[in-house]
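> What follows is a structure written as C-alpha cells; I'll ask about it next.
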Amino acid sequence: MFSLLAKPKRKPKPLKKEERVLSVGDKVLPLTIREHAKATRITLRIEPGGRALRLTVPTGLRSREVDAFLTRHDGWLRTKLSKFSDENTLRPGGMMALRGVPHRIVHTGTLRGLTEVSEEDGQPIIRVSGLEDHLGRRLEAFLKKEARYDLERLSAIYAGRIGKPVKSVSMKDTRSRWGSCSWDGNLSFSWRIVMAPPFVIDYLAAHEVAHLKEMNHGPKFWALCADLCPDMDRARHWLKTHGSQLHAIDFS
C-alpha cells in the first residue's frame, strides 16, 4: 500500500552546459563548459585540430572561478595553440600532404575537371579545378576517395591474414578517434589519415582489422596488431606527435 502511494523519485537535473568564446592571443576559439557530477577539479582540453576548447568543471562551480582558471592558464594555452598556425588554411599555392608527401596546391582556374596529382618543375602538385571558394570542398572529396582506395585494399589484406570478413568500410571525419570497428564487421576510418605517411595508414588499417578478432585493447589485441603491422610503435608515435596537425587543416 505504502509503496503504491509513495511519490515517484524525481529525475536528476541535467548537468549544465555553457557555450562561449575565448580570446587566446590572436585566436578566438569556441569554448564549451560542461558540469560533471564526478568531476573534482577543472579540466581543460584542446579539441583535436586546435579549433575549439572544452572545460569540464565540478557541479556548481562559480563563474568567477572558471574565469580565474582560464586567466591562470592563458600562457599554457598560447604555447599549446602556437603549433596550430594559419598555414592550416588551404589556398592556391599552399601545401597539403598526401601519403606523407607535401604537394603544392594548384588552382587551374577552369570550372570543370578532375582533382588530380601531377608534377611541376620536379615538385608534386595537386591540380584543383572549379571555383576557388570550393577549393577545400574539392580537396576533401579527393582525399576521401584516396583514403577509401588505400583503406579498403589494406583492410582486405589484413582481414584475409586473420581469416575474418570485413562487412563494409566507410570514411568519416571523426576527431575523437582515427577509426572504429563494430561487432558485425563494419570498419570506419578518418579520411584525414591519407595525409599521413604510408606506414601510419597501414597501422590504422591493421589496428581496426585486429578488432575483428579481439574487440578490446588487451595484450592479445596488441600482439595481433604488432604481428600485422611491425611498424606499430613508430606509427602510434607519429599519430601522437603529428595527428592533431591533420585535424587542424580547415577544408570548409
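> Per the helix-only calculation at 222 nm, which mean residue ellipticity applies to the chain, given -39500 (n - 2.57) for every DSSP H run of n ≥ 4 and division by its residues, nearest 500 deg cm²/dmol?
Dividing the helical sum by the residues of the chain leaves -11500 deg cm²/dmol.
> Something else now. Multiplying the sequence separation of Arg78 and Glu65 by 0.36 nm and subtracting their Cα-Cα distance, what value in nm do you get?
2.7 nm
> Further question on the same structure: For the stretch 17-81, just say rounded, prolate or oblate: build the C-alpha gyration tensor, square-root its eigenvalues into a ≥ b ≥ c, call rounded for a/c under 1.5, and beyond that prolate if a/b exceeds b/c, oblate if not.
Since a/c reaches 1.5 and a/b is larger than b/c, the shape of the stretch 17-81 is classed as prolate.
> Here's a follow-up. Using 0.36 nm per residue, how much length does the chain from Val21 to Trp183 gain when fully extended, once their Cα-Cα distance is taken away?
Using 0.36 nm per residue and subtracting the Cα-Cα distance, I get 54.4 nm.
> Between Ser252 and Arg45, take the C-beta separation as r, use R0 = 25 Å, and let me know the FRET efficiency to the nearest 0.05.
Between Ser252 and Arg45 the formula returns 0.70.
> Where both residues lie in the chain, what percent of DSSP beta bridges are antiparallel, nearest 5?
60 percent
> For the stretch 132-150, list residues with backbone N below 19 Å from a point placed 7 Å from the Cα of Thr108 toward its Cβ?
132-146
> In addition: Within the stretch 17-81, what percent of beta bridges assigned by DSSP are antiparallel, to the nearest 5?
Here the share of antiparallel DSSP bridges comes out near 65 percent.
> For a footprinting-style exposure proxy, rank Ser23, Ser188 by other Cβ within 10 Å, fewest first.
Ser23, Ser188
> Note the full-extension length gain between Asp231 and Ala52 as 0.36 nm times their separation in residues minus their Cα-Cα distance, in nm to one decimal.
Taking 0.36 nm per residue and subtracting the Cα distance, the gain is 61.3 nm.
> At what distance in nm do the modelled label points of Trp222 and Lys240 sit from each other, each positioned 7 Å from its Cα along Cα→Cβ?
1.1 nm
> Using r as the Cβ-Cβ distance of Lys167 and Lys144, and R0 as 22 Å, what FRET efficiency do you calculate, to the nearest 0.05?
About 0.65, to the nearest 0.05.
Only the coordinates and a few stated rules stand behind these numbers; no lab work does. Please read all numbers here as calculations on a predicted model, not as lab measurements. In this analysis, Cβ positions are derived from the backbone assuming ideal geometry, glycine residues included, and neighbour counts consider all displayed protein chains.
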